[in-house]
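To start, the structure itself, in structure tokens.
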Amino acid sequence: MNIKAKSALLTACFFWAASFIATKIALDSVPPITVVSLRLIISALCFIIWIYIKGDNFSIFKRSNLLQLALLSIFGTGLHYGIQTIGLQYTTASKGGVYAVTGPITILIIAALFLKEKVTLRKGVGVGIALLGVIIVMGFDTIINFDLKGNLLGDLLVLISIVMWGIFTVMGKSITSKMSALQMTAAITIIGAVYMIPAAIVELNMTGFAVSSIKSDAWLSIFFLGITCSFLATLLYVYALSMSESQKVGVYLYTIPMMTQVIAFLVLKESIGMSLFSGSFIVISGVYLTEKG
């Protein structure tokens, strides 16, 4: 892998790691669905400009693709970002970064259940190790007490959002023969922005919150989420993927939990305890073993 691909990957992973911190900052003063809606609107505008510059003439929105893209958008944008953002209200950014790398585990389980894909012994062991790491990060006492008023609720919601992403990934395999992964991401982001606007309006009416009252730091965080995390990071990741093998590219995703924890410590003053550190290592080891199995 050349230096350009490596730089693109590390930058993309940094943006994704920082997304959890940016989301927490935005949530300090903005309701969660509004954060998601504004994030998607900004990202969608970026993708629209990109499509126009590329001269694709919006051919990705063929009538034959619309229903499938709309369904994919529900899982890949609305439910994924929505549930994750609500979850981050109740848990830490550091934990969110750890749970984010469990995506391959959820994809494996969903594919095995619904597509009857074979799970090797090595992959099964990897899943078990990763789940053990998740339990350690969540905390044995928290799970035993099962108090949904604390971090446990947030942890479960973030994990459910990763399941939504897994469903989207498995379902999206069939459409990759019609368009590239980048085109599909652009399409579902634009569609997601359209149907999240009414959801945000409902939330604003229920909470009495006014968009005009959003603070400058929240706006900066939302623009960061939309431009860098949802748009630019995707471009960088796809560019790196075109320059190397998918397995080599995937290894870089393991840097996200550590980068998230460092940024969260510096910006949000989140502590890095032994359970978080050891659990993160076990989760990454389990995911690595699964992908190699």
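Read the figures in this text as sums done on the coordinates, not as results from a lab. Note that this is a predicted model, so its numbers are computed, not measured. Reconstructed Cβ throughout: ideal geometry from the backbone, glycine too, with neighbour counts over all protein chains shown.
Between Thr207 and Leu131, what's the calculated FRET efficiency when r is the beta-carbon distance and R0 is 41 Å? Round to 0.05.
Values: r = 36 Å, r/R0 = 0.88.
Rounded to the nearest 0.05, the efficiency is 0.70.
Going by how many other Cβ atoms sit within 10 Å of their own, how do Leu289, Leu10 line up, fewest first? All intermediate terms of the calculation are to be shown ahead of the outcome.
Numbers: Leu289 18, Leu10 15.
Sorted ascending by nearby Cβ count, the order is Leu10, Leu289.
Based on the alpha-carbon set only, what is the convex hull volume of the chain divided per residue, in Å³?
Spelled out: Cα convex hull of the chain, divided by residues, is 140 Å³.
Sequence neighbours fewer than 8 away in the same chain don't count; with that in mind, list the aspartates and glutamates whose C-alpha is under 14 Å from Lys215.
Qualifying aspartates and glutamates at Cα under 14 Å: Asp28.
Would you list the membrane-span-like helices of the chain, meaning whole DSSP H runs whose alpha-carbon atoms span at least 30 Å along their axis and whose mean Kyte-Doolittle value is at least 1.6?
Details: long enough: 3-27 (36 Å, 1.31); 32-54 (33 Å, 1.91); 151-172 (31 Å, 1.87); 181-207 (37 Å, 1.45).
Helix filter hits for the chain: 32-54, 151-172.
Mind putting a number on the dipole of region 154-293 about its Cα centre? Charges go on the C-beta only, +1 for Lys and Arg and -1 for Asp and Glu, and I need it in Debye to the nearest 20. Mind dumping the intermediate values first?
Details: 6 positive and 6 negative charges, 52 e Å.
Here region 154-293 has a charge dipole of around 260 debye.
Given the pairs Lys6/Lys292; Lys6/Lys123; Lys54/Lys95; Lys6/Lys116; Lys178/Lys292; Lys54/Lys292, which span a C-alpha to C-alpha distance of over 31 angstrom in this model?
Checking Cα-Cα distances, Lys54/Lys95; Lys6/Lys116; Lys54/Lys292 exceed 31 Å.
Let me have the 222 nm mean residue ellipticity of the chain computed from DSSP H runs of 4+ only, each contributing -39500 (n - 2.57), with the sum over all residues rounded to the nearest 500. If you can, show how the numbers build up before the last one.
Details: 15 runs with 217 residues, N = 293.
Computed ellipticity for the chain at 222 nm equals -24000 deg cm²/dmol.
Given 0.36 nm per residue, what is the gain on full extension from Ser64 to Val251 after removing their alpha carbon distance, in nm?
Numbers: separation 187, 0.36 × 187 = 67.32 nm, distance 3.55 nm.
Additional length available on full extension: 63.8 nm.
Over the C-alpha atoms of region 114-164, what are the Rg and the largest Cα-to-Cα span, Dmax, in Å?
Values for region 114-164 (Cα only, Rg and Dmax): 13.6, 38 Å.
Return Tyr99, Tyr81 ranked ascending by Cβ neighbour count within 10 Å, so the fewest neighbours appear first.
Numbers: Tyr99 25, Tyr81 28.
Lowest count first: Tyr99, Tyr81.
Tell me which of Leu131, Ile263, Ile191 sits at the most positive position along the dipole axis of the chain, charges placed on C-beta atoms (Lys, Arg +1; Asp, Glu -1).
Of the candidates, Ile191 comes out farthest on the positive side.
With point charges of +1 on the Cβ of Lys and Arg and -1 on the Cβ of Asp and Glu, referenced to the Cα centre of region 3-292, which listed residue (Ile282, Ile86, Cys46) lies farthest in the positive direction of the dipole?
Sorting the options by dipole projection puts first Cys46.
For region 3-292, with only Lys/Arg (+1) and Asp/Glu (-1) charged at the beta-carbon, what is the dipole magnitude about the Cα centre, in debye rounded to 20? Could you put the intermediate results ahead of the total?
Numbers: 19 positive and 11 negative charges, 163 e Å.
So the dipole magnitude of region 3-292 works out to roughly 780 debye.
Provide Ile105, Ile110 in ascending order of the number of other Cβ atoms located within 10 Å of each residue's Cβ, fewest first. Let's see the in-between values first.
Numbers: Ile105 25, Ile110 18.
Exposure proxy ranking, most exposed first: Ile110, Ile105.
Using just the Cα positions, wrap region 154-293 in a convex hull and report its mean projected area in square nanometres, one decimal place. Write out the running numbers ahead of the final one.
Details: hull surface 44.6 nm².
Result: a mean projected hull area of 11.2 nm².
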